[in-house]
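Below is one structure; the comments refer to it alone.
The values are calculated or read from the model by the stated rules, or taken from the named source; none is laboratory data. Everything numeric in this text was worked out from a predicted model, so none of it was measured. SASA here: full protein model, heavy atoms, side chains in, ligands and nucleic acids out. Shrake-Rupley method; radii C 1.70, N 1.55, O 1.52, S 1.80 Å.
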Amino acid sequence: MSVKELEQAISKLSPGQLAELGEWFDEYRADEWDCQIAADAEAGRLDTLIQEAQKEIAAGRTHPLP
């Protein structure tokens, strides 16, 4: 199915169906993001950022989120 066909199908959904699709898609994107972060962490691509954050914490330049 092409993107154009998907767009056409989506435009025909009822408001309730559109809301359901939106919820599903949000969850799908969140799961994809989680998988990408996990893959990046496993591959070591986040190591530099983690080290920088640890240095900032050790130096007292951070504060807890409200």
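Numbers for the structure displayed
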item	result
Accessible area of the chain belonging to carbon and sulfur atoms, whole % at 1.4 Å probe	59
For Leu46, distant residues with modelled amide H under 5 Å away	none
log10 of Debye I(q)/I(0), alpha-carbon scatterers only, for the chain at 0.12 Å⁻¹	-0.60
